[in-house]
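**Q** Okay, handing you the structure first.
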Amino acid sequence: MNRSTKKPSKRCTCGNQKRDHESCPNCSRYKMVFLLRDPNSPYKVRDPKGNLVNPVFWSFLKEDKKPLEAIKKNMLERARKRPIFNHCNKIGLYDRMGNQLEMITV
Ligand SMILES: [Zn+2]
């Protein structure tokens, strides 16, 4: 598919993400934080300040209007395909404002 033919994202208002089928750390509606069992896990990632932190997923912008349960299901399905899923024991689900909605035990 030719990227230049796609319309710019209407749902990302910060300008970080041009495409609605992607996610944006500022504009996505939900966020999942994968709490890795091993504090020295190689799956930790660096935050902008350079600290090692647990990996995070943001929901896709195009799914913003779906019910929370549907978005959660899709995010978990995406996560299951990744090695981090087998290395975490809990997944925190948060809204855009950082409020914790749920702590999922894996
Ligand atoms: Zn954005």
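The values are calculated or read from the model by the stated rules, or taken from the named source; none is laboratory data. Here the structure is a predicted model, which means the values were calculated and not measured. Reconstructed Cβ throughout: ideal geometry from the backbone, glycine too, with neighbour counts over all protein chains shown.
**Q** Going through segment 12-31 one residue at a time, which ones are within 6 Å of the ligand (Cβ to nearest atom) and surrounded by 15 or more Cβ atoms within 10 Å (Cβ to Cβ)?
**A** The answer is Cys12, Gln17, Cys24, Cys27.
**Q** Which condition number in (1) on the phi < 0 side of the Ramachandran plot; (2) out of contact with any His (no Cβ under 8 Å at 6 or more places or on another chain) is the one that Gly50 fails?
**A** All conditions pass for Gly50, except number (1).
**Q** State whether one or more residues within segment 78-93 are within 17 Å of Asn26 (Cβ to Cβ), over 12 Å from the mean Cα position of the chain (by Cα) and in a loop (DSSP other than H, G, I, E, B).
**A** The answer is no; no qualifying residue exists.
**Q** Next up: Any residue in segment 63-85 that is at pLDDT below 95 sitting within a Cβ distance under 7 Å of a residue that is part of a helix (DSSP H, G or I)? List the pairs, counting only those 6 or more apart or interchain.
**A** Glu63/Ile71; Glu63/Asn74
**Q** Looking at Ser41, Ser28, can you tell me which residue is part of a loop (DSSP other than H, G, I, E, B), touching a Leu at 6+ places or on another chain (Cβ under 7 Å) and in contact (Cβ under 8 Å) with a residue 24 or more places away in the chain?
**A** Of Ser41, Ser28, the one residue that is part of a loop (DSSP other than H, G, I, E, B), touching a Leu at 6+ places or on another chain (Cβ under 7 Å) and in contact (Cβ under 8 Å) with a residue 24 or more places away in the chain is Ser28.
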